[in-house]
Amino acid sequence: MAATQRFAFLDAARGIAVLWMIQVHVTNVILDPQLRQSMFFNILNLSNGYVAPTFIFCAGAGLWIALSRRGTKYLEFGPELMTYLRRLSFVLFCAYLLHAPIYSLGQMLHAPASTWMKWAQLDVLHVIVYASLAALGVFLVLRDLSRATIAYGVIAAIIFSISWMVPKSELSQFPLLPWSGYLFTGAAVTGWFMQTSDRDRLARLFIVMGLVGPVVLFLNLLYGPSMPWDGFWWRSPEGLLFRVFATLLLLGILYRWESSIPTTRVGRFLVTLGNESLFMYVGHLLIVYGSLAPWMDNVLGTHEVGYGLTFLIWVLVSAVFSALMLAWHGLKRDKPDVAAKIIRLTVIAIVIYFIHKR
């Protein structure tokens with residue numbers, strides 16, 4: 001594939017996932033707990049469960065595309081591979097920054113062990129980085145993308161099949177098992193899709209699978225034979241596949257729309273949003289979980305509100321960070337050296353602040 005070729009439907013899917021992720025986090029913080037028992041919330045919560053799997057799945061898709069373009073360079077263990085690893089390191093830095101229990105090394109050194117354990121919590125970004133490193137290792141060992149694609153499918157199948165036997169993590173909401181399975185699934189499905197001779201037909205198959213698969217799985221749960229994972233279905237192979245089917249439906253629909261995506265304002269916005277998903281992810285989390293509730297308490301006297309105000313806050317947060325994202329994207333496009341220096345200086349400033357703060 002040409003190094004400059006992009007796949008708009010994958011970027012748009014990631015952009016949609018980012019917008020819905022902001023809704024998830026805003027809802028988690030400010031929606032009145034009394035409203036969380038309604039049927040509407042159950043439906044909303046069901047849709048919210050698709051966001052992280054889709055985000056991780058798309059990361060697997062991006063990994064496969066990166067390997068298809070630069071995999072031969074990675075095998076040389078030269079600058080191309082170092083650049084990729086440096087980018088993963090920055091994502092991992094952001095992941096641990098978001099989970100820092102105290103932004104002070106001095107205070108951390110005198111903190112109890114329970115405080116340090118908070119730093120061991122895994123989030124979506126941790127899963128993406130560690131699973132990407134594992135997938136990269138598979139490729140470097142097999143030295144062939146076609147064989148690696150098959151291996152990714154096998155690894156995903158193994159992870160999904162044993163998911164119900166892995167105890168639920170009390171520490172992390174997104175443990176590597178089974179969440180890394182979504183990344184390997186994304187890499188395997190993308191390899192299958194990109195290497196097929198008839199992508200339109202496969203996209204239609206994805207849509208059919210996305211519509212029929214969840215119905216079959218639910219009918220099997222309700223009327224099928226008893227399974228050992230029925231008590232924790234969402235961590236079972238069936239529950240994980242349920243989320244994958246939803247992602248396939250989204251990708252199939254967006255691929256059918258791909259020729260129109262670059263020609264529409266909404267499509268171009270979603271693609272840009274997908275390209276800058278890390279900026280949106282880190283930025284909105286710092287505000288939503290750091291400042292939103294105290295700000296609402298000061299302005300409204302409460303941060304527990306109804307659906308209407310929750311929707312408006314979601315739109316406001318999305319709009320603000322979208323504007324900042326577009327400005328950042330423009331800077332990266334027009335002055336990439338300046339953007340790179342800003343990132344380096346920001347990382348250095350955060351490290352210095354963490355070391356010297358008392």
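The table that follows gives values for the structure above.
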read-out: Residue within the stretch 321-332 that is farther than 19 Å from LEU286 by Cα and of a type in the set (A, V, I, L, M) present; value: yes
read-out: Any hit, the stretch 158-176, residues being closer than 20 Å to VAL91 by Cα and either assigned by TED's automatic domain parsing to the domain that holds TYR281 or of a type in the set (A, V, I, L, M) (or both); value: yes
read-out: Check on GLN173, surrounded by fewer than 18 Cβ atoms within 10 Å (Cβ to Cβ), among the polar types (S, T, N, Q) and over 22 Å from ALA66 (Cβ atoms); value: yes
read-out: Some residue of the stretch 226-234 being over 30 Å from ALA113 (Cα atoms), in contact (Cβ under 8 Å) with a residue 12 or more places away in the chain, assigned by TED's automatic domain parsing to the domain that holds TYR84 and surrounded by 15 or more Cβ atoms within 10 Å (Cβ to Cβ); value: yes
read-out: The stretch 39-70: number of residues that are exposed (fewer than 15 other Cβ atoms within 10 Å of the Cβ), free of Cβ contacts under 8 Å to residues at least 12 places away in the same chain and farther than 20 Å from PHE245 by Cβ; value: 1
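Yes/no per residue for (1) closer than 26 Å to LEU122 by Cβ; (2) modelled with pLDDT of 90 or more:
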residue: ALA17; (1), (2): yes, yes
residue: ASP32; (1), (2): no, yes
residue: TRP64; (1), (2): yes, yes
residue: SER68; (1), (2): no, yes
residue: LEU85; (1), (2): yes, yes
residue: HIS99; (1), (2): yes, no
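Each row is one residue, and each column tells you yes or no for (1) touching a helix residue (DSSP H, G or I) at 6+ places or on another chain (Cβ under 6 Å); (2) more than 30 Å from TYR307 (Cβ to Cβ); (3) modelled with pLDDT of 90 or more.
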{"residue": "ASN45", "(1), (2), (3)": "no, no, no"}
{"residue": "PHE93", "(1), (2), (3)": "no, yes, yes"}
{"residue": "SER104", "(1), (2), (3)": "no, yes, no"}
{"residue": "GLN107", "(1), (2), (3)": "no, yes, no"}
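Here's the yes/no breakdown for (1) buried (at least 16 other Cβ atoms within 10 Å of the Cβ); (2) farther than 23 Å from THR54 by Cα; (3) aromatic (Phe, Trp, Tyr):
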{"position": "PRO237", "(1), (2), (3)": "yes, no, no"}
{"position": "PHE242", "(1), (2), (3)": "yes, no, yes"}
{"position": "LEU249", "(1), (2), (3)": "yes, no, no"}
{"position": "TYR281", "(1), (2), (3)": "yes, no, yes"}
{"position": "TRP295", "(1), (2), (3)": "no, yes, yes"}
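The values are calculated or read from the model by the stated rules, or taken from the named source; none is laboratory data. If you're wondering where the values come from, they're calculated on a predicted model, not measured in any experiment. Here the Cβ is made from the backbone with ideal geometry for all residues, glycine too, and neighbour counts use every protein chain on show.
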